[in-house]
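Engineer: Sharing a structure with you now.
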Amino acid sequence: EPEVTQTPSHQVTQMGQEVILRCVPISNHLYFYWYRQILGQKVEFLVSFYNNEISEKSEIFDDQFSVERPDGSNFTLKIRSTKLEDSAMYFCASSPPPQYFGPGTRLLVL
Amino acid sequence: AQSVTQPDIHITVSEGASLELRCNYSYGATPYLFWYVQSPGQGLQLLLKYFSGDTLVQGIKGFEAEFKRSQSSFNLRKPSVHWSDAAEYFCAVGAGRRDDKIIFGKGTRLHILP
C-alpha cells in the first residue's frame, strides 16, 4: 500500500540554524500539507500546497517557514532560523481526500 | 469558527469491553469527518472517514463511527477493545475541498486494562 514517507525521523539542531524537513507524498497525489504537533498538544495545520503554490497557510507559518516541491517526488519544509518553540513533531500529508499522513519528523531545537 | 471538541482527555476500559469516544464539531457547512489514531511515537493513521451517504461508517481495526447532524457529533465506537487499541485518537473535520486543511481535536488517550 502506498504511503507518505518523511526524513529524517529525528533532528536535533541549535537555535538559529536552518533545517529542511523532507517528505515524499503518495505518487499520484496532487495536494500536499504540513502540520505540526507540539508535545502534548493537538495537531495544527501549517500550510497546504497545490500546483506549485501555497493554497493556504496558518498564522504559525510566518516568514521563517517556506515550502517547496523541488522535483516530482519530494516536498520540503524549511525553517530558516529555528527557535526553541519550533520543537515539535512535523507531519507531512498528501491527498486527494482523505489526507494520508507520514510518520513525522521530531524536531528538537536546543 | 471551525472547531472539534473531544471532551474526554483520557479514557480507560478493560480489554474486551465496548468503547465509545465522543466528538463534537462546529462547522458552517456539511463537514467531512475523520478519525485518526496515533500510537506512541508513531504517525497518524486514518481509521475511518465520513464524506456523505450512510451515516454509519465502518473503518479499519473493527472501528465504526456514526455521524449525527442534529447533534453535531461523530462518535467512534468499537464493540470489544484489544490491548493493541491503546493509543491516542483524534477526531478531525475538513471542508472537503481537495486542498482544504483538516482541523483536529485535542485527542483522547485510550488506556486498556488487562
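Engineer: Condition test on A:GLU3, is it of a type in the set (D, E, K, R), within 12 Å of chain B (Cβ to nearest Cβ) and closer than 21 Å to B:ASP100 by Cβ? Talk me through it step by step, then tell me what you get.
Structural biologist: Details: of a type in the set (D, E, K, R): yes; within 12 Å of chain B (Cβ to nearest Cβ): yes; closer than 21 Å to B:ASP100 by Cβ: no.
No.
Engineer: Keeping to region B:86-106, report how many residues are open to solvent by 10 Å² or more (accessible area, probe 1.4 Å) and either under 15 Å from B:VAL37 (Cα atoms) or touching a helix residue (DSSP H, G or I) at 6+ places or on another chain (Cβ under 9 Å) (or both).
Structural biologist: Number of matching residues: 4.
Engineer: Scan region A:53-100 for residues that are under 18 Å from A:LYS42 (Cβ atoms) and β-branched (Val, Ile, Thr) and report the count.
Structural biologist: 1
Engineer: Which condition breaks for A:PRO103 when tested against (1) open to solvent by less than 50 Å² (accessible area, probe 1.4 Å); (2) part of a loop (DSSP other than H, G, I, E, B); (3) in contact (Cβ under 8 Å) with a residue 24 or more places away in the chain?
Structural biologist: Looking at each condition in turn, A:PRO103 falls short on (1).
Engineer: Among the numbered criteria (1) modelled with pLDDT of 95 or more; (2) open to solvent by less than 20 Å² (accessible area, probe 1.4 Å), which single criterion is violated by B:HIS10?
Structural biologist: Tallying (1) modelled with pLDDT of 95 or more; (2) open to solvent by less than 20 Å² (accessible area, probe 1.4 Å), B:HIS10 fails exactly one: (2).
Quick grid of which residues meet (1) more than 12 Å from the chain's Cα centre (by Cα); (2) open to solvent by less than 70 Å² (accessible area, probe 1.4 Å):
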position	(1), (2)
B:GLN6	no, yes
B:GLU15	yes, no
B:SER18	yes, no
B:CYS23	no, yes
B:SER26	yes, yes
B:VAL37	no, yes
B:GLY41	yes, yes
B:GLN45	no, no
B:PHE51	yes, yes
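The values are calculated or read from the model by the stated rules, or taken from the named source; none is laboratory data. Since the structure is predicted, the reported quantities are computational estimates derived from the model, not experimental observations. FYI the Cβ positions are ideal-geometry reconstructions off the backbone, even for glycines, and counts take in every protein chain you see. With ligands, DNA and RNA removed, areas are computed over all heavy atoms of the protein, side chains included. Shrake-Rupley method; radii C 1.70, N 1.55, O 1.52, S 1.80 Å.
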